[in-house]
1. Would you work out the charge dipole size for segment 1-87 about its Cα centre, treating the Cβ of every Lys and Arg as +1 and the Cβ of every Asp and Glu as -1, and quote it to the nearest 20 debye?
2. Considering amide H positions built from the backbone, and no H for Pro or chain starts, which residues 5 or more places from Ser21, or on another chain, come under 5 Å of its amide H?
3. Simple spin-label model, 7 Å along Cα-to-Cβ: Gln117 to Lys4 in nm?
4. What are the DSSP H helices in the chain that stretch 18 Å or more along their long axis, judged by alpha-carbon atoms, and whose average Kyte-Doolittle hydropathy comes to at least -0.5?
5. Given a cut-off of under 8 Å on Cα pairs at least six residues apart, what relative contact order in percent is computed for the chain?
6. Keeping all protein chains in place, calculate the accessible area per residue for segment 47-149 (probe 1.4 angstrom), answer in Å².
7. Ranked highest first by average number of other Cβ atoms within 10 Å, how do 31-44, 120-133 line up?
8. So between Lys80 and Glu18, what do we pick up on full extension, going 0.36 nm a residue minus the alpha carbon distance?
Amino acid sequence: MTEKNFAIIDTETNWDNEVMSVGVVVASTTFKVLGRRYYVLTPEVEVGGMFSNAISLPGQQHYLCSRDVMAEDVHDFLAKFRVRSIFAYNAKFDYGMLPELSAYDWYDIMRLAAYRQYNEAIPHACECYVTGRMKSGYGVESIFQMLSGNLHYYEKHNALQDAEDELEIMMMLGHTVEEYDVALIN
């Protein structure tokens, strides 16, 4: 990975397991946020989902658009910042839900967050497999709480807010973007 900027993407799905919202955060290798986009997809959002109540958070702007318009705008947005790499927590899920973005290199933040050799905040008493991966408790919420010490943190299930929280996890882990080369999924 040689480019200077990358994106973090998160999705939320509806009851039909279709993407109903997409959050995109572009950051530099110093983890400075350079731009944000939040898409609410129609007609998918009309189906509703488990986290429909988090679609709009106070003060948050979004684009209400079709999936095709979202995909085109994401490509343009990422091109503006010369992004070729996308990061996500449990990236295989988001990668699978967004085949129109499969030409990018996708990296899984969880690959470092859930492994003892990459996450020094994992307690010694935590059960891990021989590979170093935690046996349980390595979702965004648990890892964020572990790294930050903020036991009151909870995942919002708003695609943009969750993408921002995933960037925060990357910062708290303290690894360079290049160290995520071991987390490439495609």
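The values are calculated or read from the model by the stated rules, or taken from the named source; none is laboratory data. Here the structure is a predicted model, which is why all the values come from computation and not from measurement. Note that we place each Cβ from the backbone using ideal geometry, even for glycine, and neighbour counts take in every protein chain shown. Heavy atoms of the whole protein, side chains included, go into the accessibility calculation; ligands, DNA and RNA do not. Shrake-Rupley method; radii C 1.70, N 1.55, O 1.52, S 1.80 Å.
1. On the way: 8 positive and 11 negative charges, 134 e Å.
The dipole magnitude comes to about 640 debye.
2. Glu12, Leu41
3. 3.3
4. Details: long enough: 67-80 (20 Å, -0.36); 159-173 (21 Å, 0.28).
The answer, listed by residue number, is 67-80, 159-173.
5. Values: 323 pairs, mean separation 48.1, N = 186.
About 26 percent, as a whole number.
6. 55
7. Working: 31-44: 17.1, 120-133: 11.4.
In decreasing order of mean packing, 31-44, 120-133 become 31-44, 120-133.
8. Working: separation 62, 0.36 × 62 = 22.32 nm, distance 2.73 nm.
In short, 19.6 nm is gained.
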